[in-house]
1. State the number of residues belonging to the range A:90-126 that are more than 10 Å from chain B (Cβ to nearest Cβ) and either crowded, with 20+ Cβ neighbours inside 10 Å or closer than 25 Å to A:ALA40 by Cβ (or both).
2. Taking the range B:92-117 only, how many residues are of a type outside the set (Ser, Thr, Tyr) and free of Cβ contacts under 8 Å to residues at least 12 places away in the same chain?
3. Can you name every residue in the range A:94-129 that is without any contact (Cβ under 8 Å) to a residue 40 or more places away in the chain, more than 22 Å from B:THR33 (Cβ to Cβ) and either outside any helix (DSSP H, G or I) or among the aliphatic types (A, V, I, L, M) (or both)?
4. Within the bounds of the range B:66-87, is there any residue that is assigned to a helix (DSSP H, G or I), surrounded by 16 or more Cβ atoms within 10 Å (Cβ to Cβ), touching a helix residue (DSSP H, G or I) at 6+ places or on another chain (Cβ under 8 Å) and aliphatic (A, V, I, L, M)?
5. Can you name every residue in the range A:41-55 that is exposed (fewer than 15 other Cβ atoms within 10 Å of the Cβ) and either acidic (Asp, Glu) or modelled with pLDDT under 90 (or both)?
6. So, in the range A:27-46, exactly how many residues are farther than 21 Å from A:ALA86 by Cα and touching a helix residue (DSSP H, G or I) at 6+ places or on another chain (Cβ under 8 Å)?
7. Quick one: would you say B:PHE102 is surrounded by 12 or more Cβ atoms within 10 Å (Cβ to Cβ) and not in a helix (DSSP H, G or I)?
Amino acid sequence: MAQPLTIFQVAGRAMSAQLVRMNTTASNLANAGGVASSEAEAYRTIKPVFQTEYDKATGLATVNVKQVVQAGEAPTKRYDPTNPMADKDGNVWENAVDETRELVDMMETARSYQNDVQVMNTAKSLVLDTLKLGQN
Amino acid sequence: MANDSLFGVHAAALEVRSQRMGLLASNIANASTPGYKAKDIDFQEALGAAENAGGFDAEALQGATKFRVPLEMSMDGNTVDLSTEQTAFAENAIAYQTTLSFLNGRIGQITRALKGE
């Protein structure tokens, strides 16, 4: 970042980071309960990796999504020969998604996002008040 | 400092409040970043340093910036406690607004004096 960070960039980038997290949660939940014909094809939980970005000039710190990684446990094998997705031995692989954990994650993401919106609103009204200094 | 006699302590106070708002916003932004250590400005110390230096001083502000001691440690090494940060942020916003009204009052006072109303 060439330009120094502002409080709006801090909150705005935190919001986009939380949005990435919300997207991964949506993908994970959408794939919960699905099966595949092999372990490699089965869906694995994806998670974003957050990283703090410090700005030396202003002392502010915002957050970036460094990467999105596959996390969590491996897909589980289930014997289900009648399933059209079953392999030649009659096994299917269940997508590795922990729905409870995803829902908890979703709530936390929503709360963090709301906090960032609140920060931005407060900062906005204070900046506007400062601009009107001496006019009333 | 020229503006010292005009606005007194409030000019420096506004700057410190503004810096603190940025720092608290950074803490809230990093509420779910593993390993992030929350920081805060000791307002009294920062303002005292600004008064001694005769104006706002970025270096003195660095000295008054300290890591927050967490109430409890989280497993990922993050020391942001959201409720603490939210409370501090709200308190800081109100204090900022208070300083603004002090400044507004002073400006109004000077303006009236200049107009001779």
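The values are calculated or read from the model by the stated rules, or taken from the named source; none is laboratory data. Every value quoted in this text rests on a predicted model; they were computed, and no experiment measured them. Every residue, glycine as well, gets a Cβ built from its backbone with ideal geometry; the counts of neighbours run over all protein chains shown.
1. Within the range A:90-126, residues that are more than 10 Å from chain B (Cβ to nearest Cβ) and either crowded, with 20+ Cβ neighbours inside 10 Å or closer than 25 Å to A:ALA40 by Cβ (or both) number 12.
2. Keep residues of the range B:92-117 that are of a type outside the set (Ser, Thr, Tyr), which gives B:92-95, B:97, B:100, B:102-110, B:112-117.
Checking which are free of Cβ contacts under 8 Å to residues at least 12 places away in the same chain leaves us with B:94, B:97, B:104-105, B:107-109, B:112-117.
Residues meeting the conditions: 13.
3. A:LEU126, A:VAL127, A:LEU128
4. no
5. Here is the first cut: in the range A:41-55, the ones exposed (fewer than 15 other Cβ atoms within 10 Å of the Cβ) are A:41, A:49, A:54.
Scanning the range A:41-55 gives a single hit, A:GLU41.
6. Number satisfying all stated conditions: 4.
7. Working: surrounded by 12 or more Cβ atoms within 10 Å (Cβ to Cβ): yes; not in a helix (DSSP H, G or I): no.
Taking the combined requirement at face value, the residue does not satisfy it.
Condition check ((1) under 16 Å from A:MET106 (Cβ atoms); (2) within 14 Å of chain B (Cβ to nearest Cβ)) across all residues:
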{"site": "A:ASN31", "(1), (2)": "yes, no"}
{"site": "A:ALA40", "(1), (2)": "no, no"}
{"site": "A:ARG44", "(1), (2)": "no, no"}
{"site": "A:GLN51", "(1), (2)": "no, yes"}
{"site": "A:GLY72", "(1), (2)": "yes, no"}
